[in-house]
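The values are calculated or read from the model by the stated rules, or taken from the named source; none is laboratory data. Just so it is clear, the structure is predicted and the values come from calculations on it, not from any experiment. Methodologically, a virtual Cβ is constructed for each residue, glycine included, from the backbone with ideal geometry; neighbour enumeration extends over all protein chains shown.
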Amino acid sequence: MRYCKEIFSGVFLVMALLLLPGQVQANGDDYIAIRKEGSGKIALVLSKPAASGGKESGWAERLDVESRSGLDFTGLFSLIPPPLNVAGPRGSSSQSINFGALNSVGAEFYAGGAVVQKSGNVVLSMEVYDTLGGRPILRKTYTGKESDLRSIAHAFCADLVELLTGRPSVFGSKVVFVSNRSGFKEIYMCDYDGHGMRQMTNTRSLALTPVLSPDGQHLAYTDYASGRPRLSILDLAGGKRRSVARSGNSIDPGWRSNAEVATTLSFQGDQEIYLVRPDGSLARRVTNSRGIDLSPSFSPDGNKMAFVSSRTSAPQIFILDLQTGQTKRLTYNGSYNTQPSWSPQGDKIAYSTMEKNGEINIFTINTDGSSLRQLTSGSRQNESPSWSPGGDMIVFTSSRQGQKKLFVMNAAGGGQRRLLQLEGEQMQPSWSLRLK
Amino acid sequence: MKHTMKGLLALLLMITAGCSSKSAVAPTDTADTYTPPAAPPAAVVSTPSGYGFDEYQTGPLGDVFYEFDSSELSADAEDQLKQNAAWMGANAAAATLVEGHCDERGTSEYNIALGERRAGNAKEYMVRLGVPAASIETMSYGEEKPFAPGHDESAWSKNRRAHFVLK
């Protein structure tokens, strides 16, 4: 009860809600729980979907488990066990939901529904209520095959998170990374939570720095199959792989849009960053400065590019405005700053700093150079930060347990934990946007 | 001092003798594996040793080494490159691949870029000495293929190198 009072005394603001008769269409602009950074989690009661019949009950159980573990992963929710008397037998009518019971356990929101079988398909109907007003804020039906229970649950979770935060969720996103588990460094891809891992390359040499295009259609990476580092672009639908047929070396690609990927090429002598089309053809050069220019990462609108340059001696992060052609230095703290990653919200850049004692730590900084924040410390090498689709989490590599492994944390550095349990070393993770 | 003498000798031979003498400046032994000398080395050694040669480089072209986060050539490195240039001059049909390598410190992507500059600077120096650019190719492994396995300066110093491979 005390918790409940705190929540409603102004920690967050529930924006005006238009209650439409019948179907309520979810829309993040209409209803967003605005929270201060670091404030409490969203208190949610999630009821297992009602089901009649043995098969449907099994589905309901699996949907409940997948939804709970998915919502728990986001770190956004405090999942409160459903009170015994929360809903009527069908659980799908607002008249039968006991909002008094929900309020008494401190729930801000209630989600429940029912699962039925229609033409052999799984049909999940979900409703979400604001417990204070007792009004529905989401009513939606999700249909899929029995083999898709996880993605059906995640489709609901995605809608819920986007409705309550106004940001894209992790559900439906992928993480690509490098692992040496086969004896060679190859590219792998898995779901946001490490589930469903598959090997994407079999170079039997070296494959490094994978990154998915914003639409998830293409995977760009650097590989040594030809004997020297080259940019490869893999069409994930067709399976066709293209290489950039230029002399010299290619290092560390980053997508500007679905139509252009930037990478460092040295065929003109000095290392410069170029834009390349998915078919491997060269669009244009974007840097022109003696020394190392490396690791492009773009603002969401594609107009600005963060990158690493040794133009002032030791490696630092710079920002190039592609419209004006002007470059400004972003980082002044530390003498070895690399691996910039521009947040999908556009406001921050994450990067890694090598300290004098050999530790590598992850920092975030606003794109104007303000609000420098250290996210890791005292845990050996922490590197290769990459943002979640909503910008509220970061996946990274850490050697804190010895071998390099993948970790996740929230955008302020909290909740640091292993992403997947896998033998060998894992490194260079890159988080995709949410793929439709 | 010995290295400097060797370097000067190599340069002198390149300039004056048109690099016709192979055995005087560089080993004739091109075996893949290192053979330790049975006796104390003579004044002109026939098995590669010294600055550019170790268990990871047995010749005929010697490797060159770098400081941390640097691709600048030291005096020893320049001496070795002069010897390498002389050998290339005496073996006009030879072609070499120069691999840039880094120690494990720092970040992988940057180290590939740094390794490429190390290999590139070594090549550029030899080209200035008259070796045809077409006979030297460069690439970089960064920190991906270290020679020495350790995690201290004695290993790191061996791993910061431009490594010559005959093609």
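A few points about this structure:
- Some residue of region B:158-167 being modelled with pLDDT of 95 or more and assigned to a helix (DSSP H, G or I): yes
- Candidates in region A:399-436 are the residues that are surrounded by 21 or more Cβ atoms within 10 Å (Cβ to Cβ) and within 14 Å of chain B (Cβ to nearest Cβ); of these, the one that is farthest from A:Asp191 (Cα to Cα) is A:Lys404.
- Checking each residue of region B:104-121 against the condition of being part of a helix (DSSP H, G or I), modelled with pLDDT of 95 or more, within 11 Å of the chain's Cα centre (by Cα) and surrounded by fewer than 23 Cβ atoms within 10 Å (Cβ to Cβ) gives no match.
- Residue satisfying all of: in region A:287-297; surrounded by fewer than 20 Cβ atoms within 10 Å (Cβ to Cβ) and not polar (S, T, N, Q); farthest from A:Asp252 (Cα to Cα) among these: A:Arg290
- Of the numbered criteria (1) closer than 16 Å to A:Met197 by Cβ; (2) of a type outside the set (Ser, Thr, Tyr); (3) surrounded by 22 or more Cβ atoms within 10 Å (Cβ to Cβ), the one A:Phe396 fails is (1).
- Selection count, region A:187-203, where residues are in a strand (DSSP E or B), buried (at least 19 other Cβ atoms within 10 Å of the Cβ) and touching an Asp or Glu at 6+ places or on another chain (Cβ under 9 Å): 1
- Reported count of residues in region B:124-135, each being away from chain A (no Cβ under 13 Å) and either in contact with a His (Cβ under 6 Å, 6 or more places away or on another chain) or on the phi < 0 side of the Ramachandran plot (or both), is 7.
- Residues satisfying the stated conditions in region B:123-157, i.e. surrounded by 15 or more Cβ atoms within 10 Å (Cβ to Cβ) and at pLDDT below 95: none
- Restricting region A:99-150 to residues that are surrounded by 19 or more Cβ atoms within 10 Å (Cβ to Cβ), over 22 Å from A:Val86 (Cβ atoms) and of a type outside the set (Lys, Arg), the residue that is nearest to the chain's Cα centre (by Cα) is A:Leu149.
- Residue in region A:275-286 that is without any contact (Cβ under 8 Å) to a residue 40 or more places away in the chain, part of a strand (DSSP E or B) and either under 20 Å from B:Tyr110 (Cα atoms) or not assigned by TED's automatic domain parsing to the domain that holds A:Ser250 (or both) present: yes
- For region A:275-301, filtering for residues that are in contact with a strand residue (DSSP E or B) (Cβ under 8 Å, 6 or more places away or on another chain) and away from chain B (no Cβ under 14 Å) leaves 15.
- Of all residues making up region A:212-255, the number that are buried (at least 18 other Cβ atoms within 10 Å of the Cβ), more than 15 Å from A:Ala283 (Cβ to Cβ), more than 14 Å from every other protein chain (Cβ to nearest Cβ) and free of Cβ contacts under 8 Å to residues at least 40 places away in the same chain: 2
- Residue match in region A:408-425 (condition: of a type in the set (A, V, I, L, M), under 26 Å from A:Leu372 (Cβ atoms), without any contact (Cβ under 8 Å) to a residue 24 or more places away in the chain and touching a strand residue (DSSP E or B) at 6+ places or on another chain (Cβ under 8 Å)): yes
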